[in-house]
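Remarks on the structure that follows.
Please treat every number below as a calculation from the coordinates, not as lab data. Note that this is a predicted model, so its numbers are computed, not measured. Neighbour counts run over all protein chains shown; Cβ positions are idealised from the backbone, glycine included.
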Amino acid sequence: MIEFFVLIILIVAFALLLGLNLISMPTLLINTSIWVLLGLAILKDLKQRKMQAYYLVSFLITAIILISHQSYILRWFFQFLRMSLILEFSIALILVYAFAHITGLVHLGSQELIKKYKGFKRSK
């Protein structure tokens, strides 16, 4: 069900992007290719890997970063991406995808460390 909502959001965003006359053709090509590739990857993650909880956490982290994007630490990163013709929606998709995988890696890694620590503690 959530895959359907992600697809609808991507289609609506693409339609809005096409509707803007201020966007040049390279910007359109770059951003649509990012949207298609990340959309397919996100759909695969949600269907096969059951990463819904990680994506919810990554939405929260991405929202915090996008709110504070004018801070000194993050300003150069967002300026670089805007000069590279990447729109804010594409930046948000990139951040959501990256943080979902980072939070998944941290969660699974911490579970493995807890199992090893419990096994080490019992063996003594």
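In this simple spin-label model, placing a label point 7 Å from the Cα along the Cα-to-Cβ direction at both Gln70 and Ser33 gives a separation of 3.3 nm. Our summary gives region 2-123 a relative contact order of 31 percent, counting only alpha carbon pairs under 8 angstrom and 6 or more residues apart. Computed about its Cα centre, the charge dipole of the chain is approximately 960 debye, with only Lys, Arg, Asp and Glu carrying charge at their Cβ. With K and R counted +1 and D and E -1, the other residues having a Cβ less than 11 Å from that of Gln52 yield a net charge of +1.
Phi angles across region 89-101 convert, under the Karplus curve 6.51 cos²θ - 1.76 cosθ + 1.60 with θ = phi - 60°, into 3J(HN,Hα) values of 5, 5, 4, 5, 5, 4, 5, 4, 5, 5, 5, 5, 6 Hz, Gly and Pro given as x. If R0 is taken as 22 Å, the Cβ-Cβ distance between Ile102 and Met25 corresponds to a FRET efficiency of 0.10. Our estimate of slack between Ile114 and Leu40, defined as 0.36 nm per intervening residue step minus the Cα-Cα distance, is 23.3 nm. Adding -39500 (n - 2.57) for every DSSP H run of four residues or longer, then dividing by how many residues the chain holds, sets the calculated 222 nm ellipticity at -28500 deg cm²/dmol. Spatially close Lys pairs in the chain, defined by Cα atoms under 28 Å apart and a spacing of eight or more places or different chains, total 6.
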